[in-house]
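Please treat every number below as a calculation from the coordinates, not as lab data. Since this is a predicted model, take the numbers as computed values, not measurements. Backbone-built Cβ (ideal geometry, glycine too); neighbour counts: all protein chains shown.
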């Protein structure tokens, strides 16, 4: 902006400066500024808009989650993935932390899915936390398909249970798998995979457009399947 040359120019810039300070520094509304300066609301609006156009206003946003956004960008670059979400830890309680992660992942899933989708799903503590965090605003016409066999004994390792819960929350339909997660021998695995009902479920899981998969824990004692 060129320096004002005439008395009228100086008066106009001073008035503009007053309006900008009152609005952005003191937080007053345009109506309040109009009353204080004896101007019309339209004039105040024009002064503020003109101040922006002349570069008299610089807005800098300082976010308390800047470090999280930076971590997400680094994960995207390192992993070659489209999107990452880092959830801040607000408690040293691992159950609270898992709940927060589950709720964040649930929100991401609801932003992703649409009617007609097929969702493959594993068991595990993280996936179960996601299912618990689902709060859909409507019903989804989706199919939930187990992506692995099951381990009974714990609700979060029973993939049939987790799939059914997700289907109930979303209003969709869940398939069931009648095979264990682990086989004792290669022959036993081949026998299980030769069962048509098992093979059909795994085929549907491979064809799913969305996969909800737990990646496990780096700590053995925290693993869903460590016994």
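Per-residue extension of 0.36 nm, minus the Cα-Cα distance of residue 84 and residue 12, leaves a gain of 21.0 nm for this segment.
On a 0 to 90 degree scale, rounded to 10, what angle separates helix 66-79 from the longest Cα axis of the chain? Taking the Cα atoms of the chain, the angle to 66-79 is about 50 degrees.
Just to confirm the number: angle between the C-alpha axis of helix 94-112 and the first principal axis of the chain, 0 to 90 degrees, nearest 10? That works out to roughly 80 degrees. Taking label points 7 Å from Cα along the Cα-to-Cβ direction, residue 99 and residue 75 give a separation of 2.1 nm.
Its Kirkwood hydrodynamic radius, worked out from the mean inverse distance over all distinct Cα pairs, puts the chain at 22.3 Å.
The value of relative contact order for the stretch 7-53, using C-alpha pairs under 8 Å at least six residues apart, is 38 percent. By the equivalent-ellipsoid construction on the alpha carbon gyration tensor, the stretch 7-53 comes out with semi-axes of 16, 11, 10 Å, ordered largest to smallest. Please report how far the C-alpha centroid of the stretch 93-118 lies from that of the stretch 150-185, rounded to the nearest whole angstrom. Result: 18 Å between the Cα centres. Size descriptors for the stretch 98-222, from the alpha-carbon set: Rg then Dmax equal 14.5, 46 Å.
Using just the helices of the chain, give the 222 nm mean residue ellipticity in deg cm²/dmol: DSSP H runs with n ≥ 4 each add -39,500 (n - 2.57), and the total is spread over all residues, rounded to 500.
Values: 9 runs with 108 residues, N = 227.
Result for the chain: -15000 deg cm²/dmol, rounded to the nearest 500.
Below 8 Å between Cα atoms, with a sequence gap of 6+, how large is the relative contact order for the stretch 93-227 in percent? Before the final figure, lay out the partial values.
Working: 243 pairs, mean separation 37.4, N = 135.
Once divided by the residue count of the stretch 93-227, the mean separation gives 28 percent.
Just want to confirm a number: the relative contact order over the chain, from Cα pairs under 8 angstrom separated by 6+ residues, in percent.
On the way: 297 pairs, mean separation 33.6, N = 227.
Contact order relative to length: 15 percent.
Peptide packing for 36-46, 97-107 was compared via the average number of neighbouring C-beta atoms within 10 Å per residue; ordered from the highest value, the list is 97-107, 36-46. The long axis of helix 159-170 is offset from the longest Cα principal axis of the chain by roughly 40 degrees.
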